[in-house]
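Below is one structure, written out as structure tokens, with a few remarks after it.
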Amino acid sequence: MSERNGRKPTSKPSASTTPSKRSDARSSNAKPSSTKQPNVKHQAASKKTQRTFTVIQWIFILLTFSLIGWMIKIVVMDKEEIETNDYNPVTEEAKINIIRGSILDVNGEIVAYTDINEDGSESRRYPYGESLAHVVGYTGRGESGLEAELSEQLLTSSLLDQMTSWANEEKVRGNAVKLTIDAALQEFIYERMEGYRGAVIITDPSTGAVKVLVSSPSYDPETLIDNWELIADRNDSPLYPRATQGLYAPGSTFKIITALAMYRNMSDYLTYSYSCDGTLEAGESTIACAGGEVHGTVTIPDAFAESCNGFFGSAGIRMGKDALEAAANYVKIGSDFGFILPVSTSSLGLDTYESDGMIAQTSIGQGKVTLTPFFLNMLTCSIANGGVLYSPYLVDSYYSSSGTLLAENEPKLFGTIMGSSEAAFLQSLMKGVVEYGTGTELQSDRYTVYGKTGTAQVEGDSDHSWFTGYVVRDGKVELAFTVLIENGGREKRAIPLVRDFLDYLYAE
């Protein structure tokens, strides 16, 4: 082939050909013919391929772990929600094949059961009607309350019960659940709240067992489906579980947190004094004591007992927003405490920069601060228990339909949410409220009450009336309770209702 075609001759030079000295020099420095120069392009391509393979490997590993995590979430975290979901075919099958189990109160009284009608159909019955509706809930048009949260247990039966039912050619009954609720006390309190909106919570601080969880007004679970639109459209919101989801200005009950903030931030918290002339000028806000009362020069024990707004407003301004927020967070203001029923989030609602007026308002439980009765009850439980808080619970135990005990819930420690000395300080303040302050109506020779009153102003309406406290008998804390009467004003304060149920509990 000619050189014009771009190729050199392939014939080797003849032996007679004498190479030049330059050629000899190149030849003498050349490496043996058996060793080849590395292919740079090939190496670069190889490294690029390796990097691509590594990236693909990591993507595969990440996807695998993501899939494993997703499966764990479904199997573990979402297990209960999936099992109780109305669209779960397994749940639907259980509803068809198993008679829903009964729910009992702490004394064994039936509060929910399934009745078999003459035509073989089933009807869910609620003997305590409205008084327990927000606790037990309903089933039929979806589910709510404990009927929803305990659906899996109520639609499960032991193997022995299944075999017995099959042998008797009967439909299998689901397990029964025993609550911590005292249905008789719950009904007593609900009846005394007739005509008022509000909530009452009574808890055993030493265990976390919830004895009463009243929200008023309420509804009859048995007639709810037939009257759904009528009930849902009512102005007084009977479907609203006020005890756990209602958010309200706490009024002077918030002074518990302000007093705690003083203990934690002011070295002179015991000697700090304020001269009350009935009003406090805080920036553009004027804060008045209830009823225009003038308390004179007061320190924290008397200011707490007499509920002096000026004292706590001025202390709040001195401490500042951060101290109030820190104290509120310290006692877990945003927590639901792991409760079985949904709980709204309490909060101070303060912005990054707030005026002295808003800080003062917050210090007395006004402004933007909102609490649930449930949170205030948990705070009271921790004070009564020396700073220790047990997780609140509603389920005492589980039984088979034949009465065999399957499992019991033991008290669980939620945590220590304040120091014992802090709790003792607050206890001393709450004792003064009933001994000589705004709660003297609760004095009794049968029990001793520690607590805090609260009157929360509501724009365009009557004030909310609060009381939160605990009762001691024979040197032992027995119950912590929180009462809210919406728009109760001074016509229907919370204290008379507290007196009613304490006298009922400790009747001679």
Q: Give, as residue ranges, the helices (runs of 4 or more DSSP H) completely inside the stretch 99-185 that count at least 1 residues that are out of contact with any Asp or Glu (no Cβ under 9 Å at 6 or more places or on another chain) and among the small types (Gly, Ala, Ser).
A: 145-149, 159-167
Q) Which residues, taken from the stretch 405-431, are in a loop (DSSP other than H, G, I, E, B) and either closer than 19 Å to Asn329 by Cβ or touching a helix residue (DSSP H, G or I) at 6+ places or on another chain (Cβ under 8 Å) (or both)? A) Ile417, Met418, Gly419
Q. Pick from the stretch 442-465 the residues that are more than 16 Å from Ala480 (Cβ to Cβ) and not in a strand (DSSP E or B): which of them is most open to solvent (accessible area, probe 1.4 Å)?
A. Glu459
**Q.** Selected residue (only one of Ala315, Ala290 is more than 30 Å from Leu146 (Cβ to Cβ), surrounded by 17 or more Cβ atoms within 10 Å (Cβ to Cβ) and modelled with pLDDT under 95)
**A.** Ala290
Q: May I ask you to verify whether Leu247 is open to solvent by 20 Å² or more (accessible area, probe 1.4 Å), among the aliphatic types (A, V, I, L, M) and within 30 Å of Tyr138 (Cα to Cα)?
A: yes
Q: Could you run through the stretch 94-111 and say how many residues are of a type in the set (Gly, Ala, Ser) and either free of Cβ contacts under 8 Å to residues at least 40 places away in the same chain or farther than 15 Å from Leu154 by Cβ (or both)?
A: 1
Q. Yes or no: Tyr113 more than 27 Å from the chain's Cα centre (by Cα), modelled with pLDDT of 95 or more and either open to solvent by less than 10 Å² (accessible area, probe 1.4 Å) or of a type in the set (Ser, Thr, Tyr) (or both)?
A. yes
Q | Odd one out for Gly108, checked against (1) modelled with pLDDT under 95; (2) small (Gly, Ala, Ser); (3) loosely packed, with under 11 Cβ neighbours inside 10 Å | A | (1)
Q) Any residue in the stretch 147-165 that is at pLDDT 85 or above, among the β-branched types (Val, Ile, Thr) and within 28 Å of Ser215 (Cβ to Cβ)? A) no
Q: Could you run through the stretch 289-333 and say how many residues are more than 31 Å from the chain's Cα centre (by Cα) and under 12 Å from Ile257 (Cβ atoms)?
A: 0
Q. Name the pairs: first residue in the stretch 469-488 and within 14 Å of Thr455 (Cα to Cα) and at pLDDT below 95, second residue open to solvent by less than 10 Å² (accessible area, probe 1.4 Å) and polar (S, T, N, Q), Cβ to Cβ under 8 Å, at least 6 apart or on different chains?
A. Gly488/Ser465
Q) Taking into account only those residues within the stretch 266-283 that are touching a residue at least 40 places away in the same chain (Cβ under 8 Å) and touching an Asp or Glu at 6+ places or on another chain (Cβ under 9 Å), which is surrounded by the fewest Cβ atoms within 10 Å (Cβ to Cβ)? A) Gly283
Q.
For the stretch 420-442, check the following and say yes or no: at least one residue is hydroxyl-bearing (Ser, Thr, Tyr), touching an Asp or Glu at 6+ places or on another chain (Cβ under 7 Å) and touching a residue at least 60 places away in the same chain (Cβ under 8 Å).
A. yes
(Q) Let me confirm something: among Arg173, Arg192, which residue is more than 16 Å from His134 (Cα to Cα), open to solvent by 60 Å² or more (accessible area, probe 1.4 Å) and at pLDDT 95 or above? (A) Arg192
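The values are calculated or read from the model by the stated rules, or taken from the named source; none is laboratory data. Keep in mind it's a predicted model, so treat the numbers as computed, not measured. Note: ideal-geometry Cβ built from the backbone for every residue, glycine included; neighbour counts use all protein chains shown. Each accessible area value is taken on the protein alone, full model and side chains, heavy atoms only, with ligands, DNA and RNA left out. Shrake-Rupley method; radii C 1.70, N 1.55, O 1.52, S 1.80 Å.
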